[in-house]
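Taken together, the values in this text are just the output of simple stated rules run on the coordinates, not laboratory data. No experiment lies behind these values; they were computed from the predicted model shown. In this analysis, Cβ positions are derived from the backbone assuming ideal geometry, glycine residues included, and neighbour counts consider all displayed protein chains.
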Amino acid sequence: MRKKILAVLAIGAAVCASTMPAAAINSYNATPAPERTEVGAFVALWDNTGDGVPDRFDWVCSGTMVDRDTYLTAAHCTDDWPAGTKFYVSLDQDVQTLLDNAAAQGLTPAQTAAWFVANHHAVEGDTHQDPAYPGTSADAHDIGVIDFANRATDPADVWSFTPATLPTAGQLDQLGGRALDAASWLVVGYGTQEAVNGPGGQTHPGGGVRMKAPVDFDALNKTWVRLAMTAPQGNGGACYGDSGGPNFVTLNGKRILAATTITGDTPCYATNVVYRTDTPSARSFLAPYVNLP
Ligand SMILES: [Ca+2]
Ligand SMILES: [Ca+2]
Ligand SMILES: [Ca+2]
């Protein structure tokens with residue numbers, strides 16, 4: 001089981017992105033999600049070498065606007081960054097093409113970040129994570145936000161979107177497994193595809209584009225939902241860079257952001273393990289940032 005963050009993993013997605021197909025989520029049963037304007041890429045500018053000069057500007061995770069100035073993501077996406085790292089959200093559909101164009105023009109990572117902000121492709125915010133993270137396997141407290149409440153510009157100043165609807169307290173428990181299995185589930189994110197075997201080992205092509213895929217309910221745990229992403233059953237799935245992104249369930253015609261992508265099987269073929277947003281711990285973390293239903 002590996003968390004589905006991108007950047008800190010030594011995988012080949014962003015290195016040769018220009019030769020990769022523009023796709024994200026897993027390759028099978030996935031489609032672009034231009035209509036999911038509330039879902040955005042988690043982008044960071046960071047220094048790998050300790051000299052104070054940023055070496056990377058890239059998408060690493062996914063997340064969702066839950067009000068005009070709060071972007072819900074995973075705690076592990078906000079964790080363990082080098083000092084001085086800056087964090088941004090982009091609600092653009094195709095972040096990868098913009099990054100490729102900046103690289104082709106020879107912009108440095110810092111110049112690319114400035115260009116993204118100046119041209120309304122990214123907004124800088126402030127990360128916060130559940131102080132109880134990493135918690136336990138029963139409750140990892142793997143929830144965080146990029147918040148814009150203390151910034152002059154928030155995403156609603158730049159993009160038009162309707163914030164996602166969070167569940168009511170204990171809503172998934174009240175529904176129970178049978179109703180949750182009958183409902184439609186959808187995962188959205190900017191992450192890579194499932195593992196591809198090559199001469200140098202496994203790689204994860206793609207990513208940086210907002211994609212969606214159907215997934216199927218497997219199990220409800222205390223703080224987790226387990227979702228099947230098996231291709232033969234018509235499911236898609238989530239992979240590296242999809243961490244923090246939404247898993248929506250449609251209940252009575254209403255799309256609810258029931259849980260966020262956290263982890264799963266290492267090659268991303270089988271299971272999306274997602275952190276519930278209707279639990280007391282998730283709600284107590286979120287309460288200072290967003291009005292909960
Ligand atoms: Ca550096
Ligand atoms: Ca099922
Ligand atoms: Ca807020």
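Give me log10 I(q)/I(0) at q = 0.06, 0.09, 0.14 Å⁻¹ for the chain, Debye formula, one equal scatterer per alpha-carbon, no solvent. One equal scatterer on each Cα of the chain leads to -0.16, -0.37, -0.94. Each of Cys268, Cys77 was scored by other Cβ atoms within 10 Å of its Cβ. Arranged with the fewest first, they read Cys268, Cys77. How big is the charge dipole of the chain about its Cα centre, in debye rounded to the nearest 20, if each Lys and Arg gets +1 on its Cβ and each Asp and Glu gets -1 on its Cβ? Value, rounded to 20: 600 debye. Tell me which lysines have Cα within less than 19 Å of Lys254's Cα, excluding those fewer than 8 residues away on the same chain? Candidates past the 8-residue exclusion: Lys212.
Relative intensity of region 171-279 on a log10 scale, I(q)/I(0) at q = 0.10, 0.12, 0.20 Å⁻¹, equals -0.27, -0.38, -0.97, per a Debye sum over C-alpha point scatterers of equal strength in the absence of solvent. Each peptide in 37-47, 166-176, 136-146 gets a packing score, the mean of other Cβ atoms within 10 Å over its residues, and the list from highest to lowest is 37-47, 136-146, 166-176.
Between the residues Phe42, Ala118, Ala102, the greatest Cα displacement towards the positive end of the dipole of the chain, with unit charges on the Cβ of Lys, Arg, Asp and Glu, is found for Phe42. Using the Cβ of Phe57 as centre and a radius below 15 Å, the other residues enclosed give a net charge of -4, where K and R count +1 and D and E count -1. Each Lys or Arg adds one and each Asp or Glu subtracts one; over the other residues with Cβ under 11 Å from the Cβ of Thr37, this totals -1. Only one residue of Gly206, Gly191, Leu166 has its Cα farthest out toward the positive end of the dipole of the chain, where Lys and Arg carry +1 and Asp and Glu -1 on Cβ, and that residue is Leu166.
Convex hull volume of the Cα atoms of region 228-293, normalised per residue: 101 Å³.
Assuming charge only on the beta carbon of Lys and Arg (+1) and of Asp and Glu (-1), the dipole of region 90-211 about its Cα centre is about 220 debye to the nearest 20.
Per-residue ellipticity at 222 nm computed for the chain from its helices equals -4500 deg cm²/dmol, with DSSP H segments shorter than 4 residues left out and the rest contributing -39,500 (n - 2.57).
Other residues lying with their Cβ under 11 Å from the Cβ of Ser281 contribute a combined charge of -1, Lys and Arg counting +1, Asp and Glu -1. Global dimensions of region 72-117 from alpha-carbon coordinates: Rg and Dmax equal 12.4, 34 Å.
By the Cα gyration tensor, region 125-194 has an equivalent ellipsoid whose semi-axes, rounded to whole angstrom, run 27, 19, 15 from largest to smallest.
With Rh defined as the Kirkwood radius, the inverse of the mean 1/r over Cα pairs, the Rg/Rh of region 101-161 is 1.15.
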